[in-house]
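Peer 1: Here it is, the structure in full.
FYI, it's all coordinate maths here, none of it is from the lab. These figures come from a predicted structure and were not determined experimentally. We place every Cβ from the backbone using ideal geometry, glycine too, and count neighbours over all the protein chains shown.
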Amino acid sequence: MSPPVVPVPPAPHVPYALRISCAPLSPALWSAHTVSQFGTQISFFVFPVLALATAIGNLAGPGGALSALLPAFALRDLGLSPGRLGLALTVGNVCALIGALIGALIGALLTGRLIRLFGLGRLLVAAKCLPGLGVLLLATATPDRAVPALAGAAGITACGITVYNIAQVGLRQAVTPTAMQARMNASVRFVIWGTLPIGAAARGLLGSTIGLRPGSGWWRRVSLFSCVPLLLTRDVRTLRDFPAAAAD
């Protein structure tokens, strides 16, 4: 029998959580001058579009719906043994690390050249499409091709996520006044990371009602859809470079 789930934080953390104090809010941060700095750099509409695209990707991708039922899909539908599943996950994680390193190198060394060649907006859209392609590759997995399919999907997904995050975080920080950086990051992360448990729960519900493979088909569509908000938003799609840093 499985151990009971405890839906509350571990007791040792409770006293520390209760003692957390917040610095008093500074009205100056919300002055008309500070808020107006957003609009002088780039359309304020870019922020919710980036958050929406990232949230949709997290909802259906790694950490969300994709990770929730991957073991069940591999063991039941693909018929893998626990040992082969462990091997597939190990190879997949190694490839994910390699993909992330490649993405980091692209972001650190080649981002400037790629932006000059294609434009920042197109780079964002292309990087956002890669995780969806990784999920599609995972859909081709069979018992004989489970390890290479999972490894390839993990590598492609990690590379795309790394390049996309370097570009979109840099864009958000470039157009946000220094005094608002913490609040901007906290607000955006609340939205984009908050979809992870929602995606995991929804994937479990859908998989238990219509089956693992049909349910996976729906989530593949959702993952591919994550780049659509960027494609439909002209202010993002036509960006050529990072805007000038916001004034303080």
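Peer 1: With respect to the numbered conditions (1) under 12 Å from G57 (Cα atoms); (2) touching a Leu at 6+ places or on another chain (Cβ under 8 Å), which one is the sole condition not fulfilled by R240?
Peer 2: (1)
Peer 1: Show the residue pairs that are 6+ apart or on different chains and have beta-carbon atoms under 9 Å apart, the first residue being within region 76-95 and in contact (Cβ under 8 Å) with a residue 40 or more places away in the chain, the second being loosely packed, with under 13 Cβ neighbours inside 10 Å.
Peer 2: Hits for this filter: L78/T142; L78/P143; G79/P143; L80/P143; R84/P143.
Peer 1: In addition: So which helices (runs of 4 or more DSSP H) are wholly in region 155-243 and hold at least 3 residues that are more than 12 Å from L124 (Cβ to Cβ) and touching a residue at least 24 places away in the same chain (Cβ under 8 Å)?
Peer 2: Qualifying helices (runs of 4 or more DSSP H): 181-210, 212-225.
Peer 1: Scan region 113-153 for residues that are more than 23 Å from L50 (Cβ to Cβ) and charged (D, E, K, R) and report the count.
Peer 2: Of the residues in that region, 2 qualify.
Peer 1: Look at P229 and say whether it is within 30 Å of F73 (Cα to Cα) and loosely packed, with under 13 Cβ neighbours inside 10 Å.
Peer 2: no
Peer 1: Quick check on my filter: what residues within region 159-173 are hydrophobic (A, V, I, L, M, F, W, C), surrounded by 18 or more Cβ atoms within 10 Å (Cβ to Cβ) and more than 18 Å from N93 (Cβ to Cβ)? Step through it out loud before you land on a result.
Peer 2: So the first thing to find is which residues in region 159-173 are hydrophobic (A, V, I, L, M, F, W, C), and the list is 159, 161, 163, 166-167, 169, 171.
Those left that are additionally surrounded by 18 or more Cβ atoms within 10 Å (Cβ to Cβ): 159, 161, 163, 166-167, 171.
Hits for region 159-173 are V163, I166, A167, L171.
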